[in-house]
Amino acid sequence: MKLLEDRIRQDGTVLPGNVLKVDNFLNHQVDPQLMDQLGAEFARRFADAGITKILTVESSGIAPAVMTGLHLQVPVIFARKHKSLTLTDHLYTAKVFSYTKQVNNDISIDRRFLNPDDRVLIIDDFLANGQAVQGLLDIARTAQIEVAGVGVVIEKRFQKGHKMVIDAGIQLEALASIAAFENNTVTFAED
Ligand code: 5GP
């Protein structure tokens, strides 16, 4: 999506560890108009997928997920991160290793919000090694619900997550695909 690529070129900073900082429109300050356009684009790409709900992880997935939910007219559930979980009977949980914080988080979703007849779309801000998406896939499997697709605002295609989602046979839509970071600049994938 050219609009997003232009914004990344303009405002993105490449940090050590293959981390792209985009905190003036996505990860800290949020640009609502841009989020609306991203949500519209996800909704267009998954229009025929029969989505009933959107799943994401707090906090940076919430803005694009909510905008997608608005355009698809379906509810949005964000998995919550907990430091320690004690009473978990009413929760679906999964372990996620955080790429940027390098710590393990338990993520959880209240069982009341997922039903066996749901068909969900997973939305997140970044796809790196695929840990966050895998955590949501684990929850979907436990809840016995179908995952119709994964939409990420930015994928770093050279990391493991892209192949993991494709190999799982799930439709993957990335609005910007980064092929490499070279000399602290971003190279986008051609397709
Ligand atoms: P994964 O679980 O796919 O390894 O990493 C995805 C998660 O880590 C995203 O939810 C995002 O919060 C964070 N993340 C991964 N790579 C980047 C990056 O390059 N920049 C930023 N800002 N966050 C990232």
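The values are calculated or read from the model by the stated rules, or taken from the named source; none is laboratory data. A quick note: this is a predicted structure, and the numbers were derived from the prediction, not measured. Heads up, the Cβs are rebuilt from the backbone with ideal geometry, glycines too, and the neighbour counts pull from every protein chain shown.
Candidates F42, F46: the one that is under 13 Å from A176 (Cα atoms), of a type in the set (F, W, Y) and touching a strand residue (DSSP E or B) at 6+ places or on another chain (Cβ under 9 Å) is F42. The one condition from (1) touching a Lys or Arg at 6+ places or on another chain (Cβ under 8 Å); (2) part of a strand (DSSP E or B); (3) closer than 24 Å to F42 by Cα that D106 does not meet is (3). The condition of being part of a strand (DSSP E or B) and either under 20 Å from E173 (Cβ atoms) or modelled with pLDDT of 95 or more (or both) holds for only one of A94, A140, that being A94.
If you go through segment 159-191 and pick out every residue that is part of a loop (DSSP other than H, G, I, E, B), more than 14 Å from the chain's Cα centre (by Cα) and of a type outside the set (G, A, S), you end up with 5.
Test S98 against the stated conditions and say whether it is within 16 Å of N18 (Cβ to Cβ) and surrounded by fewer than 19 Cβ atoms within 10 Å (Cβ to Cβ). So S98 passes the test. Put simply, of I109, I8 the only residue that is closer than 21 Å to A179 by Cα and in contact with a strand residue (DSSP E or B) (Cβ under 7 Å, 6 or more places away or on another chain) is I8. Listed by position, the strands (runs of 3 or more DSSP E) inside segment 1-85 whose residues that are modelled with pLDDT of 95 or more and away from the ligand (no atom under 15 Å from the Cβ) number at least 2 are 76-82. Scan segment 101-138 for residues that are surrounded by fewer than 18 Cβ atoms within 10 Å (Cβ to Cβ) and more than 11 Å from the ligand (Cβ to nearest atom) and the total you get is 11. Taking segment 144-180 as the range and being surrounded by fewer than 17 Cβ atoms within 10 Å (Cβ to Cβ) and of a type outside the set (D, E, K, R) as the test, the residues that pass are Q144, F158, I166, A168, G169, I170, Q171, A179, A180.
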